[in-house]
Amino acid sequence: MKTRRLHLKLLATAAAMSLAGLAAPALAQGAKVKVGLMLPYTGTFAALGTAIENGFRLHIAEQGGKLGGREIEFVKVDDESDPAKATDNVNKLVKRDNVDVLVGTVHSGVAMAMARVAKESGTLLIVPNAGAGAVTGAMCSANIFRSSFSNWQPGYAMGEVVAKKGHKKVVTITWKYAAGDESVAGFKEAFSKSGGQIVKELSLPFPNVEFQALLTEIASIKPDAVYTFFAGGGAVKFVKDYAAAGLKKNIPLYGAGFLTDGTLEAQGADADGLLTTLHYADGLNTPKDNAFRLAYVKAYKLQPDVYAVQGYDAAQMLGIGLNAVKGDLTKKAAFAEALRKAKIDSPRGPFTLGKNHDPVQDFYLRQVGAKENKSIGIASKSLADPGRGCKM
Ligand code: PHB
């Protein structure tokens, strides 16, 4: 009698739980995985956010809409690349919408707020662009992964290239925030190792594009070369203004590859000949990249860029983790272990994750021609972010 009563009580509890939407653990695996997409859909990085989402969705569609046996559903937030709104935005996804996974974002300042919340709440976070050093440095965590790069990486690769070209005195110019500062620091580290000197570090607040006074200053300093980090709409305007100021023919311009990725249509001939370093390039002509590009163009009637690749690979990484735990996201250690061991078959070329969960990958030297960032060689092979300050 006693056991029967207990049994009935358990049944009633289970019914109440399911009415309240609190699926019992065994049922949770059948439920959809809720992905919180926090990306910029407005502002200077809007096109980047869209490309990331497109790439992410493409991989899921290729898997029949499921990863690790579970369907995927999305909740979206436009983060506007605004760090002041970032903590509220990410808390909405974690606390109100109860997402299983956070995917985002583009802007380093916003990504640091996401990493803080992910670390505190234990929510899985995959960063599909933002290169903030802290995300895979001081704030690194077993539940935080990056499918893109650290700001240090392309900067460091370009520092070596510019030194090898024999340039001695360089001016840097960028937006004054984590991404610009860290890109310049990476460049400086490699460039000064070879005896190069940064004669002036110019900057303006993000996302300003009034470059004129700074371009006049470059003209008066007359350095051997200029190194820059700009991206999205700001990169389009910078490349056009640099040419219009008459600097392009006299002072070679080098950049982290974001300067010319996803921007060439708008930059036109003003971008021709520019050299940049990045973990992706046009015309790689590998079976994986060819298949990816064909599928992307077919699905979106748009050419893919590095952001699309990073979104696609963020979904691949989620799939690798979910497959390893058969869809059970409570198995956090096994999920992380699978990613630490994985060789990710990216359109950029295969990559692995370092101990700090940042991609260890090749950086291509690319040159703009015929509206493409053609690879003209590898600037830095299997370059790993140093992961300074990461303890895990
Ligand atoms: C960043 O803020 O980390 C960032 C933004 C845009 C890029 C690259 C890095 O293209």
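Rule-based calculations on the coordinates, nothing more; no lab input. Just so we're clear, the structure is a prediction, and the values are computed from it rather than from any experiment. Cβ coordinates were reconstructed from backbone atoms using ideal geometry, including for glycine residues, and neighbour counts include every protein chain displayed.
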Next item on the list: Please indicate, with yes or no, whether at least one residue in region 252-260 is over 22 Å from the mean Cα position of the chain (by Cα) and farther than 21 Å from Glu53 by Cα.
Entry: yes
Item checked: Subset of region 273-310 that is surrounded by 16 or more Cβ atoms within 10 Å (Cβ to Cβ) and small (Gly, Ala, Ser) - its residue that is farthest from Val360 (Cα to Cα) -> Ala295
Next item on the list: Answer yes or no: is there a residue in region 114-122 that is among the acidic types (Asp, Glu) and crowded, with 18+ Cβ neighbours inside 10 Å.
Entry: no
Check: When the residues of region 185-230 are filtered to those that are surrounded by fewer than 20 Cβ atoms within 10 Å (Cβ to Cβ) and β-branched (Val, Ile, Thr), which remaining residue is farthest from Leu48 (Cα to Cα)?
Finding: Ile221
Next item on the list: Quick one: which strands (runs of 3 or more DSSP E) lie wholly within region 70-164 and hold at least 1 residues that are more than 14 Å from the ligand (Cβ to nearest atom), among the acidic types (Asp, Glu) and touching a residue at least 24 places away in the same chain (Cβ under 8 Å)?
Entry: 70-78
Note to self: Just to check your reading of the model, which residue among Gly255, Gly233, Gly321 is surrounded by 24 or more Cβ atoms within 10 Å (Cβ to Cβ), within 16 Å of the ligand (Cβ to nearest atom) and in contact (Cβ under 8 Å) with a residue 40 or more places away in the chain?
What the structure shows: Gly255
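For region 165-179, which residues satisfy the criterion of being within 16 Å of the ligand (Cβ to nearest atom) and in contact with a Lys or Arg (Cβ under 8 Å, 6 or more places away or on another chain)? Spell out how you get there, then give the answer.
Taking region 165-179 first, the residues within 16 Å of the ligand (Cβ to nearest atom) are 172-179.
Thr172, the sole residue that qualifies.
Per-residue answers, yes or no, for (1) over 26 Å from Asp261 (Cα atoms); (2) within 14 Å of the ligand (Cβ to nearest atom):
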site: Leu39; (1), (2): no, yes
site: Ala47; (1), (2): no, yes
site: Ala61; (1), (2): no, no
site: Lys66; (1), (2): yes, no
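Within region 351-378, which residues are among the small types (Gly, Ala, Ser) and over 19 Å from Gly131 (Cα atoms)?
Taking region 351-378 and keeping what is among the small types (Gly, Ala, Ser), we get 354, 369-370, 375, 377.
Gly369, Ala370, Ser375, Gly377, listed by residue number.
Against the definition (surrounded by fewer than 20 Cβ atoms within 10 Å (Cβ to Cβ) and charged (D, E, K, R)), how does Lys169 come out, yes or no? Working first, answer last.
On the way: surrounded by fewer than 20 Cβ atoms within 10 Å (Cβ to Cβ): yes; charged (D, E, K, R): yes.
In short, yes.
Taking region 345-392, which residues are outside any strand (DSSP E or B), small (Gly, Ala, Ser) and over 12 Å from Phe149 (Cα atoms)?
Ser346, Gly349, Ala370, Gly389
Residue check: is Ile60 more than 12 Å from the chain's Cα centre (by Cα) and of a type outside the set (Lys, Arg)?
On the way: more than 12 Å from the chain's Cα centre (by Cα): yes; of a type outside the set (Lys, Arg): yes.
When the stated conditions are applied, Ile60 passes them.
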